[in-house]
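Encoded as structure tokens, the structure appears first; notes follow it.
Computed from the coordinates by the stated procedures, all read-outs in this text should not be read as laboratory data. Predicted model only: the values in this text are computed from it and were never measured. Using ideal geometry, Cβ is built from the backbone for each residue, glycine included, and neighbour counts are taken over all protein chains shown.
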Amino acid sequence: MIAFIPARSGSKRVKNKNIIKIGGHPLIAYTVRYAKKVKSFDKVFCITDSKKYLNLAKKYGADDFILRPKNISGEKSSDIDWIKWAINICKKKNIKLNNFTILRPTNPFRSKNFIERGIKAFKNKSIDSVRGIEKTKIHPGKIWKLKNNIITPILTKYLKGTPWHSCQYAALPTYYSQNASLEICRVSVVKKYGQFSGKKIFGLVSKGYDGFDINYMSDIIEAKEIIRKNKQIKKFLNLK
């Protein structure tokens, strides 16, 4: 199995987010080191359009790969574009690739155990893919649409005559949202459906920091504090 770490340059909300330093090391270093701890991965490739990003990933143990084309590295580019491109590059280089895992560098704290749990679930041949999920923090029953200053709920459902938006969270059905922890996919599914998730997706529920995702500066601040308080993370990853 191959591990793909997608890390395009040019992030908007946090500039150079994928290589911003936390705990004295670039963000991408944590994902590379966790991936290198997983014996199931034959190769760990950083899929990036930046030579600087690639060299940093290689410094922490990633295998060499060619740069991702700029035309599939924009902020609106689809994942399937770089996935198909990477699959094709592996084929040209005679790299055996039947299955792959996507580990996004914005999650520096997914554990080796969590990745291995996903791989174990993936071995069930009846599923198309595995995706990390978590209990949604904002219930869809409490989300609104706004038009001309008038709001309407996106879900018009009721519990014993009470609209979901006016019910206690604990009384409502449990929903899950995807997170940046991991996705495990089959090349055959990409070829069959033209997308990487397929039809039958196993939901791997993350707990604690396994689902942590960095999107804003406030997340960076929190991540730095987590590392400051938990020095075992850096010790496990051999990050001095």
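Structure summary
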quantity	calculated
Principal axis box of the stretch 1-143, alpha-carbon based, largest edge first, Å	42, 36, 31
10 Å Cβ shell holding at most 16 others, DSSP loop, chymotrypsin sites (Phe, Trp or Tyr not before Pro): longest site-free stretch of the chain	1-174
Calculated P(r) of the chain - Cα pairs past 30 Å, %	32
Convex hull volume of the stretch 1-80 per residue (C-alpha atoms, cubic angstrom)	91
C-alpha long axis of helix 112-122 to longest principal axis of the chain, angle in °	80
Quotient of Cα Rg and 2.2 N^0.38 Å for the stretch 91-134, N being how many residues it contains	1.36
The stretch 147-195: projected area of the alpha-carbon convex hull, averaged over directions, in nm²	7.0
Rg followed by Dmax, in Å, when the stretch 72-166 is reduced to its Cα trace	20.3, 61
Inter-label distance for Ser77 and Phe236, nm, one decimal - labels placed 7 Å from Cα along Cα-to-Cβ	3.1
Most mobile of Ile19, Ile66, Ile119 in a GNM of the chain (Cα contacts under 10 Å)	Ile66
Modelled FRET efficiency - R0 45 Å, Lys147 with Ser126, Cβ distances, 0.05 increments	0.55
Zone residues, the stretch 1-16, relative to Lys93, backbone N less than 15 Å from point 7 Å out along Cα-to-Cβ	1-7
Mean shadow area of the stretch 36-87 over all directions, Cα convex hull, nm²	4.0
The stretch 133-240 - convex hull of alpha carbons, volume per residue in Å³	205
The stretch 199-240 pair-distance distribution - Cα-Cα, 10 Å bins, rounded %	23, 41, 25, 10, 1
Under 17 Å from the Cα of Lys200 - aspartates and glutamates, other chains or at least 8 residues apart	Asp128, Glu183
Links that overshoot a 26 Å alpha carbon limit, given the list Lys43/Lys234; Lys21/Lys70; Lys59/Lys135; Lys21/Lys112; Lys157/Lys192	Lys59/Lys135; Lys157/Lys192
